[in-house]
1. Name the residue, out of L106, L94, L88, that is in contact with a Lys or Arg (Cβ under 7 Å, 6 or more places away or on another chain), more than 24 Å from T558 (Cβ to Cβ), in contact (Cβ under 8 Å) with a residue 24 or more places away in the chain and open to solvent by less than 40 Å² (accessible area, probe 1.4 Å).
2. With (1) touching a Gly at 6+ places or on another chain (Cβ under 8 Å); (2) hydrophobic (A, V, I, L, M, F, W, C); (3) part of a helix (DSSP H, G or I) as the list, and L498 as the residue in question, which single condition is left unmet?
3. Across segment 116-140, which residue is nearest to I235 (Cα to Cα) among those that are open to solvent by 20 Å² or more (accessible area, probe 1.4 Å) and assigned to a loop (DSSP other than H, G, I, E, B)?
4. Somewhere in segment 216-230, is a residue open to solvent by 10 Å² or more (accessible area, probe 1.4 Å), among the β-branched types (V, I, T) and out of contact with any helix residue (DSSP H, G or I) (no Cβ under 6 Å at 6 or more places or on another chain)?
5. In segment 40-57, is there at least one residue being open to solvent by less than 90 Å² (accessible area, probe 1.4 Å), outside any loop (DSSP other than H, G, I, E, B), at pLDDT 75 or above and under 30 Å from I235 (Cα atoms)?
6. Pick out the one residue from A264, A286, A276 that is open to solvent by less than 10 Å² (accessible area, probe 1.4 Å) and within 19 Å of the chain's Cα centre (by Cα).
7. Residue by residue through segment 363-375, note down the ones that are in a helix (DSSP H, G or I) and open to solvent by less than 10 Å² (accessible area, probe 1.4 Å).
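The values are calculated or read from the model by the stated rules, or taken from the named source; none is laboratory data. Small disclaimer: the values here were computed from a predicted structure and weren't measured. No Cβ is skipped: glycine too gets one built from the backbone with ideal geometry, and neighbour counts run over all protein chains shown. Please note that ligands, DNA and RNA were not included when accessible areas were found on the heavy atoms of the full protein model with its side chains. Shrake-Rupley method; radii C 1.70, N 1.55, O 1.52, S 1.80 Å.
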Amino acid sequence: MGRQGSGKPPLVADRRYGGAPPKPARPAPKRRAAAPSRRPRGPVRWVLGALGGLLRFLFGVIWAVGWRMGAVAVLVLGLAVAYDAMKLPRVSALVDGRARGSVTLLDRSGQPFAWRGDQFGGMITADEVSPHLVNAVVATEDRRFWWHPGIDPQGVASAIRINLSEGRGPLSGNGGSTITQQTAKLLCLGRPFDPSQWKDEAAYEADCRRTTLTRKVQEAIYAMAMELRYSKEEILTIYLNRAYLGAGTRGFEAAAQRYFGVSARDVTPAEAAMLAGLLKAPTTYAPTNSLERARDRANVVVGLMAEQGYLDAAQVAEAREHPAELSGAAATRTGGAFADWVMDSGPEFFTRDTTEDVTIRTTLDPRIQRAAEDALTSVFANQVRAGSKAEAAIVVMSSDGAVRAMVGGRESGAGQFNRATMALRQTGSSFKPFVYAAALDLGMHPADVIEDTPLCMSIAGSGNWCPDNYDHQFKGPITLIQALAESRNIPAVRLSELVGRENVRNVAAQFGIQGDLALGPALALGASESTLIQMTGAYAGILNGGSAVTPYGLVDLTLQGEEEPLMGVGGGIRERVIREDAARELMWMMWRVVEDGTGQRARIPGWQIAGKTGTTQAARDAWFIGFSADYVTGVWMGYDDNTPLKGVTGGGLPADIWRETMTRVLDGEAPRPLPMAPPAGGGGGFVQPNGLLADGSGEPFQSTGDPATDAALAAAFGAPAPAGANDEEKNAVLDTLLSILSGQ
């Protein structure tokens with residue numbers, strides 16, 4: 001009996017007989033849902049579909065063409081890089097690419113004080129220089145230098161972003177250039193300077209620095225070629241040697257020597273930071289232009305070095321507490337006007353346009369140069385009204401014409417107008433010694449008498465010419481001694497006419513006063529023009545005993561690396577102009593100018609000083625030129641536009657500048673007497689206001705009762721016959737006087 005409700009099928013006995021078992025019932029197939037009816041596609045859907053298909057087609061074409069073109073571009077780029085790499089020369093051939101050479105000027109002790117041209121200190125390699133310098137350059141210019149392939153996409157993208165954010169063009173301002181790219185630009189992508197293509201080296205360098213998209217592509221190719229051809233150290237070597245670092249220096253070796261007086265091998269972290277800081281703007285950050293600005297930039301570089309792990313905290317503190325200091329020569333900027341003058345005095349192909357590296361030994365004495373500069377600064381600061389545009393110039397030389405110092409103006413740097421050598425100015429009374437030199441050389445005596453009385457002369461085409469004395473007074477018969485000491489004009493004119501203007505012109509010209517000397521009687525009063533260096537050189541001829549000199553600053557010129565000079569001294573003592581005894585007497589008369597005459601403000605206690613003042617018409621020029629036994633110093637003062645000086649004469653501020661200069665120059669030296677010769681008979685030979693003649697003590701002579709006899713006696717012997725002298729003694733004196741005046 002089957003179970004009911006068990007849910008199981010009833011038991012069925014097996015078939016006893018054969019036969020196929022019944023097939024299981026197939027399940028009924030599921031009915032498929034009826035497909036929705038297709039509606040016709042609208043025009044929008046049809047257009048979108050067509051566009052999608054077209055885009056898929058175009059993308060496929062672009063992809064197919066693009067990757068092939070990219071492959072070709074990469075291949076072409078690779079070939080271009082390889083081709084450029086094959087053309088690159090050895091590193092040693094690239095470190096010095098200057099089109100012109102350099103000139104290093106040494107002072108009289110052999111120390112460098114000025115540089116001209118493109119300075120190159122010699123090849124240095126990246127592994128020779130101070131590691132601090134390498135680290136400073138990399139930290140500042142290209143922090144990923146050691147691992148990029150010559151270009152730095154990250155750096156370029158960052159530079160473009162900065163430029164755009166600051167309102168510039170994408171290629172203006174920050175360039176994102178790697179050190180390798182900068183080196184490629186320094187090499188001008190391998191194009192050498194060609195005078196037929198570029199006007200000069202400046203135009204060539206400007207073209208090399210041009211920034212265009214095409215040039216940037218070429219630069220990138222050349223940079224990658226360099227990376228393929230050279231090691232990183234070799235690329236850095238080229239860069240360290242060719243970079244311009246201000247003040248005419250090419251390469252870090254030249255810059256280290258120029259600014260710090262040391263080799264790039266020995267620079268400290270502070271010095272390395274200052275040198276690396278120059279790369280951004282060499283002229284702006286040159287420490288010789290602004291040490292403060294250079295230090296601020298160096299401080300930024302120190303921070304970059306610390307940030308990138310090149311300096312520890314102690315080194316950073318040391319670099320910031322003790323920033324780089326300029327060498328003595330770089331700090332003082334000694335002798336800029338002097339250096340320019342020396343460069344102009346040498347052959348152009350070895351100075352201004354040299355293609356060689358040249359060393360010039362000069363006559364400059366840095367101590368004397370500083371003395372002159374300090375003296376000028378002191379006088380203008382303490383004795384000249386603030387804001388005055390008046391100028392001054394100073395020349396100090398030895399008696400053989402060797403120039404020891406030169407100040408070309410209140411701003412006497414390199415390239416400035418040099419008033420000591422370039423300014424032609426009327427000489428005024430500073431010319432008068434040459435009138436007296438001519439007279440003494442012709443046999444006249446310092447105590448000879450000459451008239452200081454009103455004078456008028458008829459000048460053809462100009463009418464009457466009536467010169468006057470500075471004080472508008474006339475002293476009658478006076479000696480040549482007094483006439484020169486008091487710088488009296490009438491006696492100078494009379495004396496010039498007496499000895500002959502042509503003789504005066506010849507003496508002045510032979511002593512070195514060049515140019516057109518005045519033809520008229522105003523010659524005696526300094527109507528002619530000259531330069532300060534010519535006038536100082538002419539006075540040096542008086543000091544050395546009457547022989548002309550050619551002022552010079554160049555001692556010898558040698559090519560760097562050579563021992564034998566190519567040329568020697570360019571000046572010195574020349575032919576004799578006047579007799580030695582005449583020069584010695586003239587020197588004594590000029591000593592009286594300082595002791596008793598117009599040059600008294602130039603006195604230096606304990607020293608014998610001789611000189612002459614000079615003031616031109618309307619006080620447009622004021623001079624004082626004088627000498628001790630060892631040095632001749634000339635001072636000129638005036639305005640560049642010929643504006644008259646107010647209250648200034650040669651015996652005033654110029655004499656003060658002279659005294660301040662020579663006081664510093666002579667400091668610490670033992671006084672030496674001037675090689676002068678008093679006139680025979682001694683005496684003073686000065687006329688007193690009462691018409692009497694004084695002796696050297698300033699006491700008046702005792703009168704004989706006859707003014708003419710008094711003057712004659714004093715002129716002959718510097719003193720009359722003593723009180724109570726009898727007629728026989730007086731007659732003997734007069735006979736001697738007559739024989740002297742008649743030349744017997």
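1. Numbers: L106 fails: more than 24 Å from T558 (Cβ to Cβ); L94 fails: in contact with a Lys or Arg (Cβ under 7 Å, 6 or more places away or on another chain).
Residue meeting the stated conditions: L88.
2. (1)
3. Among those that are open to solvent by 20 Å² or more (accessible area, probe 1.4 Å) and assigned to a loop (DSSP other than H, G, I, E, B), it is T125.
4. Yes: one or more hits.
5. no
6. On the way: A264 fails: within 19 Å of the chain's Cα centre (by Cα); A276 fails: within 19 Å of the chain's Cα centre (by Cα).
Answer to the selection: A286.
7. So in segment 363-375, the residues in a helix (DSSP H, G or I) come out as 366-375.
Within segment 363-375, I368, Q369, A371, A372, A375 qualify.
Residue-wise test of (1) under 25 Å from L517 (Cβ atoms); (2) in a loop (DSSP other than H, G, I, E, B).
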| site | (1), (2) |
| --- | --- |
| G387 | no, yes |
| M397 | yes, no |
| R410 | no, yes |
| G415 | no, yes |
| A420 | yes, yes |
| K432 | yes, no |
| Y436 | yes, no |
